[in-house]
Amino acid sequence: MSELAQRGRNRAAVVTGASRGIGRAIVKRLAAEGYHVVANDIERQHEEMEKLRAEVEASGGRCDIAYADVSNPDDVASLAEYALARCGTIDVLVNNAGVLSVHKVEDIEPDEWDRMYDVNTKGTFMVTKALLGHFRQRKAGRIINIASIGGKRGGVGQAHYCSSKAAVISFTHILAMEVGLDGITVNAVCPGIIDTDMGRNNYRDEESLKKVIEKTTLGRLGYPEDVVGSVAFFASDDASFITGQALNVCGGIIFH
Ligand code: NAP
């Protein structure tokens, strides 16, 4: 067995928002490392999730599916219960589920503001809370929140999204301080512009795509596979002395 496939051996991970994009790539990477992965998404993604399970299993990995809307407290309780029942113990939680829409402030409806916060911020908080007792009991756990560089420097038309991600970064810092003595690390990954359904909101045409690429130091867009290494790293033993950090994975759009 390769060194990579050993890293997650006898470990389990929960990944939210896994039907496509970055979440799907994270599931595949962690499963390739030997983690037993519980992949979450909303029930409407049934077909994609079954495909994901089949792909992971075909590569020799383990993947269970937990349908839950991370903004719904009852669903979140069931997600945690299911994950613990399937895996016995959970080592890693990746809060990846997220939503984005683009409107200038005067056009954001209050319900749309709430939707951003309910999924991106409250969802991250609720799934974390549902597994925190388990992590504390074990005196171990890796919590990895997928935030955004938008949470550090914002973006026009994304006040609701970017502020919800700034809150995720702040939540990461504070939670890290609260749980460090119980051996739990909490870190955030802040992707730049990644070529997913969501990322495409940033480049609707050739001209805007060119502008986005010009903003990067590496001269290209990111792909979901560009993000997974940082998640696998925060989950690994190599990151055992790293907590409360928010790492930009953005091709050099921003440097701090
Ligand atoms: P994506 O392609 O839109 O995928 C998001 C996933 O989350 C979808 O599978 C979606 O399911 C799921 N989801 C949405 N609401 C959910 C809920 N309430 N409960 C459970 N699952 C839910 O987005 P992505 O680009 O992969 O983004 C993944 C994460 O990275 C997000 O947190 C996003 O904010 C962050 N991020 C992305 C970029 C980028 O450029 N792509 C940049 C910075 C940060 P449905 O399809 O059913 O809605």
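Taking a quarter of the surface of the Cα convex hull of the range 50-131, what do you get in nm²? Provide the component values of the computation, followed by the final result.
Details: hull surface 26.8 nm².
Result: a mean projected hull area of 6.7 nm².
Relative contact order for the chain: what is it in percent, counting Cα pairs under 8 Å that are at least 6 residues apart? Walk me through the numbers on the way to the answer.
On the way: 503 pairs, mean separation 45.5, N = 256.
Once normalised by length, the contact order is 18 percent.
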| How long is the gain from Ala5 to Glu57 if the chain were fully straight, where each residue apart is worth 0.36 nm and the alpha carbon distance is subtracted? | 17.3 nm
| note | Rounded to one decimal in nm, the spacing of the 7 Å Cα→Cβ label points at Arg86 and His173 is 3.5
| request: Return one number: the angle in degrees, 0 to 90 and rounded to the nearest 10, between the long axis of the Cα atoms of helix 159-179 and the longest principal axis of the Cα atoms of the chain. | output: 30
| remark: Per the charge dipole of the range 3-249 (beta-carbon charges, Lys/Arg positive, Asp/Glu negative, Cα centre), the residue among Asn40, Ala176, Ser101 reaching farthest to the positive end is Ala176
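Helix-derived [θ] at 222 nm for the chain: sum -39500 (n - 2.57) over DSSP H runs of at least 4, divide by residue count, nearest 500?
Numbers: 10 runs with 115 residues, N = 256.
Using -39500 (n - 2.57) per qualifying helix, the result is -14000 deg cm²/dmol.
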| query | Where in the range 170-203 is the amide nitrogen less than 16 Å from a point lying 7 Å along the Cα-to-Cβ axis of Ile213? | reply | 193-196, 200, 202-203
| field | Counting all C-alpha pairs of the chain, share separated by more than 31 Å (%) | value | 19
| task | Please turn the phi angles of the range 89-94 into ³J(HN,Hα) values with the Karplus equation 6.51 cos²θ - 1.76 cosθ + 1.60 (θ = phi - 60°), one per residue in order, whole Hz, x for glycine and proline. | result | 10, 10, 9, 9, 10, 10
| query | Which one of Val14, Ala25, Met49 has its Cα pushed farthest toward the positive end of the charge dipole of the range 13-68, where Lys and Arg give +1 and Asp and Glu give -1 at the Cβ? | reply | Ala25
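If we count other beta carbons within 10 Å of each Cβ, what is the order of Tyr223, Tyr161, fewest first? Before the final figure, lay out each step's value.
On the way: Tyr223 14, Tyr161 28.
Listing Tyr223, Tyr161 from fewest to most nearby Cβ atoms yields Tyr223, Tyr161.
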| field | Net dipole in debye of the chain [+1 Lys, Arg Cβ; -1 Asp, Glu Cβ; about Cα centre; nearest 20] | value | 780
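For Arg220 and Phe255 in the same chain, what is the full-extension length gain: residue separation times 0.36 nm, less their Cα-Cα distance, in nm?
Details: separation 35, 0.36 × 35 = 12.60 nm, distance 1.62 nm.
Working it through step by step, the gained length comes to 11.0 nm.
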| field | Pairs of lysine residues in the chain - Cα separation under 26 Å, sequence separation of 8 or more or cross-chain | value | 23
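Based on the mean of other Cβ atoms within 10 Å per residue, sort peptides 118-129, 166-177, 45-56, 19-30 so the most packed one is first.
Put in order of decreasing packing, that is 19-30, 118-129, 166-177, 45-56.
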| remark: The ³J(HN,Hα) series, computed from each phi in the range 109-126 with the Karplus coefficients 6.51, -1.76 and 1.60 at θ = phi - 60°, rounded to the nearest Hz and given as x for glycine or proline, is 6, x, 5, 6, 4, 4, 4, 4, 6, 4, 7, 5, 9, 5, x, 4, 4, 5
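A short reminder: the numbers here are calculations on the coordinates, not readings from a lab. None of these values were measured; they are calculated from a predicted model. For neighbour counting, all protein chains shown are included, and Cβ atoms are generated from backbone atoms with ideal geometry for every residue, glycine included.
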